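Remarks on the structure that follows.
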Amino acid sequence: MSAETLSVCTPSNMEQALRTARFPGGLAASGGETSFSYGLYTRDYLVAIEDIMATHPHLARQAFHTIPQHQGTRFNPLTEEQPDRLPHQVVQERLGDLAVPTNVMRNYEAWANRWGVPFTGGFVIYNSTDGPLRYLRALDKYCTMYGRSVLGDQFLHQPTSQLRTVEEAALRTLDWTTGIMQASDLGLPEVKTHNPRQTSWSSVMRDGIDAYTHPIGPYGIAPNRDMPIAYVEILGLAFDALKAGVRLFPDHHDAGLWNELAANLPDKLMRYFWIDQQQYIAPAIDRDQQGRPRQLEKIGSSALELMSTTILRALPDHPDVIRALAVQAFGAGLLTPIGVRMSSLEHIQNEGGYAGYQDSQTSWAVVSGEIAQGLRRQRLGPLGRNIGKRLVYGIEQARRFPEYTYVDPDNHPTHHPRPATSDHGSAKRIAAAELPVAPQTWTVTRAMVEVRALDTESPPPPKNSWEGALCAQMLDQAQQISPLPEPPTSGPVIIDLAAGRAARQRRLQALFDKGFSLD
């Protein structure tokens, strides 16, 4: 596959999809009038601008003074606001001279009511930990590429009606980051959700109510949400964010503290997250009722995202750790024709017959893109190219830019998901409760990155290096999972929404032992 053979992931198509996600004052998580349109999502915004910073510098610069306009000032358990915490989601009825469509606002109002968050022509919620860390990393990257003048950009801080600068917003974000780490008895960037009605509760990208479970029993066991939880990708992002703070403000009186907190994280990663039995890294650490840390012993994609950060190269045994990650990424449990599964198929027995949108039967282009970029950053270019080509292949087959794609256990992707009806007879079915949104902004920007990489890939590592040997081994292993799977003999894979919603409800009841419902 080369850029010349593409029909969907062309520059004009991708630019048009990105334009549909723009609105006065920001870049939404999706285009058109979909579930995530017109709303500012800090995490999604920053992922996207890191992808396109080299080609869209003005769009990237806008983010740094747009996102902190609602930086937190107080503690509010309903919205998860904390002093100096950046918002996760901002919904407004009017954006400049643009009135958000009524149907879109009704959808947002329904979510606000479900969460118990006041809705007065919009809302602001703060349930994100990775967003603030990504802000610091992206700002550092921008300053490296284009200079430090962005730090002087001014904006109106809405809660206080004060004029603030990007530099002040960044320093406040660093204060919030050090605060949550110093509050942890483990020295980890741990977070706790205070609103029991919040369904996107984890503070990270895998924010589904059932995205994190201990893989025990037919439904899994829910983590202890009454105490803080540490997520593995946050360690990598915190390491990058703190180092970014030192580079941005080397003369600041807290620069030594930022350096010290960052320096401790690689050791804590291996001490608390490394699973000896599985030779892998746990996705999260929760606490038992006595407050003792315990691992969620799942094989999943979140540990692979560490490769896109700089934390692994700070480990003395980083070749062994990266090798362990690559073995799983290219194993039958995670690798699919279109990228990497969110969790390994070996855990499907703990999902209660339900295909959660962040479980073993889903592949997200944004995650596969993160892994592809991470493999290249770890000097494993041929492996990154392999994952990136699968990602682009999936989008080409879907003929759109989906939020995610369901992939059944036999590696058949649902490129054109359709709800099941009686007319579909014996067609293969996936019991899922949602259909993916398209076009999703970070799917578009990840496609932009991988299409550029198709024709600009760097030479492979030397064959006599550990990186070269690992690339040869994993590429041979990857051949067992073709990017062109045979179609199922019974026809296309169909999404059974009714069965999925029933299965989801059974799982939520089992996880939380009460009548928890998302419907």
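The values are calculated or read from the model by the stated rules, or taken from the named source; none is laboratory data. Being a predicted model, the structure only gives us computed values, none of them experimental. Quick reminder, even Gly has a Cβ in these numbers, built from the backbone with ideal geometry, and neighbours come from all protein chains shown. With ligands, DNA and RNA removed, areas are computed over all heavy atoms of the protein, side chains included. Shrake-Rupley method; radii C 1.70, N 1.55, O 1.52, S 1.80 Å.
In Å², and per residue, what accessible area does the chain have when probed at 1.4 Å with the other protein chains present?
Numbers: 19690 Å² over 519 residues.
Per residue, the chain has an accessible area of 38 Å².
Determine ³J(HN,Hα), in whole Hz, for all residues of region 268-277 in sequence, where each value follows from phi through the Karplus function 6.51 cos²θ - 1.76 cosθ + 1.60 and θ = phi - 60°; x replaces Gly and Pro.
After applying 6.51 cos²θ - 1.76 cosθ + 1.60, I find 5, 4, 6, 5, 9, 9, 6, 9, 4, 4 Hz.
In terms of the Cα gyration tensor, with a ≥ b ≥ c the square roots of its eigenvalues, is region 310-360 rounded because a/c is under 1.5, prolate because a/b exceeds b/c, or oblate? Let's see the in-between values first.
Numbers: a/c = 2.75, a/b = 2.36, b/c = 1.17.
Cα axes put region 310-360 in the prolate bin.
Bin by bin, in steps of 5 Å, what percent of the Cα pairs in region 127-210 do you find, going until the bin that has the longest distance?
Pairs per bin, as whole percents: 3, 12, 17, 19, 18, 16, 10, 4, 1.
Long-range amide H contacts for Leu95: which residues qualify at under 5 Å (H placed 1.01 Å from N, peptide plane, sequence gap of 5 or more or a different chain)?
Sorted by chain and number, the residues that satisfy this are Val100.
Which of the aspartates and glutamates could a cross-linker bridge to Lys192, judged by Cα under 17 Å and excluding same-chain residues fewer than eight apart?
Here the aspartates and glutamates satisfying the reach criterion relative to Lys192 are Glu80, Glu81, Asp84, Asp130, Asp207, Asp210, Asp226, Glu233, Asp286, Asp288.
What's the magnitude of the charge dipole for region 48-182 around its Cα centre, counting Lys and Arg as +1 and Asp and Glu as -1 at the beta-carbon? Answer in Debye, nearest 20. Walk me through the numbers before you get to the answer.
Values: 12 positive and 14 negative charges, 9 e Å.
The calculation lands at about 40 debye.
Would you check the accessible area of Thr160, probe 1.4 Å, heavy atoms only, in square angstrom rounded to 10?
Its accessible surface works out to 50 Å², give or take rounding.
Work out from phi, with θ = phi - 60° and the Karplus expression 6.51 cos²θ - 1.76 cosθ + 1.60, the ³J(HN,Hα) of each residue of region 74-79, listed in order in whole Hz, and give x for Gly and Pro.
Listing the rounded values in order: 8, 9, 9, x, 5, 9 Hz.
Quick check for me: using +1 on Lys/Arg Cβ and -1 on Asp/Glu Cβ, what's the dipole size of region 38-103 about its Cα centre, in debye to the nearest 20? Walk me through the numbers on the way to the answer.
Working: 5 positive and 8 negative charges, 22 e Å.
With only Lys, Arg, Asp and Glu charged at Cβ, the dipole is about 100 debye.
Treating cross-link reach as a plain straight distance, find the aspartates and glutamates whose alpha-carbon is under 17 Å from the alpha-carbon of Lys389, omitting any fewer than eight places away in the same chain.
Glu4, Asp51, Glu370, Glu450, Asp455, Glu457, Asp476
When the Karplus curve 6.51 cos²θ - 1.76 cosθ + 1.60 is applied with θ = phi - 60°, which whole-Hz ³J(HN,Hα) does each residue of region 462-474 get, with x for Gly and Pro?
3J(HN,Hα) across region 462-474, in whole Hz: x, 5, 8, 8, 5, 5, x, 5, 5, 4, 4, 5, 6.
Which of rounded, prolate or oblate describes region 59-198 when judged by the alpha-carbon gyration tensor and an a/c cut-off of 1.5?
Numbers: a/c = 2.07, a/b = 1.16, b/c = 1.79.
In terms of gyration-tensor shape, oblate.
Taking amide H positions as placed 1.01 Å from N in the peptide plane, with prolines and chain starts having none, which residues 5 or more places from Arg429, or on another chain, fall under 5 Å of its amide H?
Ile494
Going by a ≥ b ≥ c, the root eigenvalues of the Cα gyration tensor, does the chain fall in the rounded group (a/c under 1.5), the prolate group (a/b larger than b/c) or the oblate group?
Numbers: a/c = 1.24, a/b = 1.14, b/c = 1.09.
Rounded, since a/c falls under 1.5.
Ranked highest first by the average count of other Cβ atoms within 10 Å around their residues, in what order do 88-97, 368-377 fall?
On the way: 88-97: 17.9, 368-377: 25.8.
Per-residue Cβ counts within 10 Å, averaged per peptide and sorted highest first, yield 368-377, 88-97.
So what's the gap between the Cα centers of region 345-420 and region 63-140, to the nearest angstrom?
Centre-to-centre (Cα) distance: 28 Å.
How much net charge surrounds Ser465 when only other residues with a Cβ under 14 Å from its Cβ are counted (Lys, Arg +1; Asp, Glu -1)? Please list the in-between numbers first.
Details: positive: Arg323, Arg379, Lys463; negative: Glu467.
Net charge around Ser465: +2.
Name the residue farthest towards the positive end of the dipole of the chain from the options Leu237, Pro436, Gly217, assuming +1 on Cβ of Lys and Arg, -1 on Cβ of Asp and Glu, about the Cα centre.
Toward the positive end, the furthest listed residue is Pro436.
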